[in-house]
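**Student:** This is the structure I want to talk about, given as structure tokens.
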Amino acid sequence: MKPAAKDTDAYISEFPEDIQEKLHLIRKTIQQAAPEAVECINYGIPTFKIHGNLVHFAAYKTHFGFYPGASGIAEFKKELESYNTSKGTVQFPLDKPLPLELISDIVIFRLDENIRNAKPTRKKK
């Protein structure tokens, strides 16, 4: 078993060029939708955080995994009908165009949700 990538660039570089291009598109789409989010590796895959986990994404043998959590899947259930989904994940086939606008919409929804649910910080006296 190989060690987890230290950052998103290292993660993406592990894949063939055509997959790298699509991973870069997913990453850029997330960055544009949530520019304040912090990028890291969590659970061994690229993750964006702001007031907790925002979304994760990954590449696999037959699909790209996109992980907006259960609320993101539930909110966009109709738009995601043509994709394999589970409680908190959606699979985008490698050989189909990525639904970048939908990814952006889901990220914006999750960002708004995380901001609404953020616990206020106490100010020091």
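The values are calculated or read from the model by the stated rules, or taken from the named source; none is laboratory data. Nothing here was measured: the structure is a model prediction, and the numbers come from that model. For neighbour counting, all protein chains shown are included, and Cβ atoms are generated from backbone atoms with ideal geometry for every residue, glycine included.
This table checks each residue for (1) more than 26 Å from P16 (Cα to Cα); (2) in contact (Cβ under 8 Å) with a residue 24 or more places away in the chain.
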| residue | (1), (2) |
| --- | --- |
| P35 | yes, no |
| N42 | no, no |
| I50 | yes, yes |
| G65 | no, yes |
| S71 | yes, yes |
| A74 | yes, no |
| K87 | yes, no |
| P99 | no, no |
| S104 | no, yes |
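A quick yes/no check of all residues on (1) under 17 Å from N53 (Cβ atoms); (2) among the hydrophobic types (A, V, I, L, M, F, W, C); (3) part of a helix (DSSP H, G or I); (4) modelled with pLDDT of 95 or more:
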site	(1), (2), (3), (4)
M1	no, yes, no, no
A4	yes, yes, no, no
I12	no, yes, yes, yes
F15	no, yes, no, yes
D18	no, no, yes, yes
E21	no, no, yes, yes
I26	yes, yes, yes, yes
Q31	yes, no, yes, yes
E36	yes, no, no, yes
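**Student:** If you go through the range 52-70 one residue at a time, do you hit one that is under 30 Å from K119 (Cβ atoms), aliphatic (A, V, I, L, M) and assigned to a loop (DSSP other than H, G, I, E, B)?
**Tutor:** From the range 52-70, those under 30 Å from K119 (Cβ atoms) are 52-58, 65-70; that's our starting set.
Checking the rest, the ones that are also aliphatic (A, V, I, L, M) come to 54-55, 58, 70.
Those left that are additionally assigned to a loop (DSSP other than H, G, I, E, B): none.
No; the residues of the range 52-70 include none that is under 30 Å from K119 (Cβ atoms), aliphatic (A, V, I, L, M) and assigned to a loop (DSSP other than H, G, I, E, B).
**Student:** Do we find that I41 is surrounded by 14 or more Cβ atoms within 10 Å (Cβ to Cβ) and either part of a helix (DSSP H, G or I) or among the charged types (D, E, K, R) (or both) in this structure? Step through it out loud before you land on a result.
**Tutor:** On the way: surrounded by 14 or more Cβ atoms within 10 Å (Cβ to Cβ): yes; either part of a helix (DSSP H, G or I) or among the charged types (D, E, K, R) (or both): no.
Considered against the rule, which asks whether it is surrounded by 14 or more Cβ atoms within 10 Å (Cβ to Cβ) and either part of a helix (DSSP H, G or I) or among the charged types (D, E, K, R) (or both), I41 comes out as no.
**Student:** In the range 103-125, which residue that is among the hydrophobic types (A, V, I, L, M, F, W, C) and out of contact with any strand residue (DSSP E or B) (no Cβ under 9 Å at 6 or more places or on another chain) is modelled with the lowest pLDDT? If you could, list the steps in order and put the result at the bottom.
**Tutor:** The initial filter retains those residues of the range 103-125 that are among the hydrophobic types (A, V, I, L, M, F, W, C), namely 103, 106-109, 111, 115, 118.
Subsequent filtering for residues that are out of contact with any strand residue (DSSP E or B) (no Cβ under 9 Å at 6 or more places or on another chain) retains 108-109, 115, 118.
Numbers: I108: 98, F109: 98, I115: 92, A118: 82.
Looking at the filtered set, the residue picked out is A118.
**Student:** Next up: On the basis of being buried (at least 16 other Cβ atoms within 10 Å of the Cβ), farther than 22 Å from K6 by Cα and more than 14 Å from the chain's Cα centre (by Cα), does E113 make the cut? Lay out the reasoning, then the answer.
**Tutor:** Details: buried (at least 16 other Cβ atoms within 10 Å of the Cβ): yes; farther than 22 Å from K6 by Cα: yes; more than 14 Å from the chain's Cα centre (by Cα): yes.
In short, yes.
**Student:** Of the residues that sit in the range 56-82 and are of a type in the set (F, W, Y) and in contact with a Phe, Trp or Tyr (Cβ under 6 Å, 6 or more places away or on another chain), which one is surrounded by the most Cβ atoms within 10 Å (Cβ to Cβ)?
**Tutor:** Quick first cut of the range 56-82, residues of a type in the set (F, W, Y) only: 57, 60, 64, 66-67, 76.
With in contact with a Phe, Trp or Tyr (Cβ under 6 Å, 6 or more places away or on another chain) added as a condition, the list becomes 57, 64, 66.
Details: F57: 22, F64: 21, F66: 27.
In this case the residue turns out to be F66.
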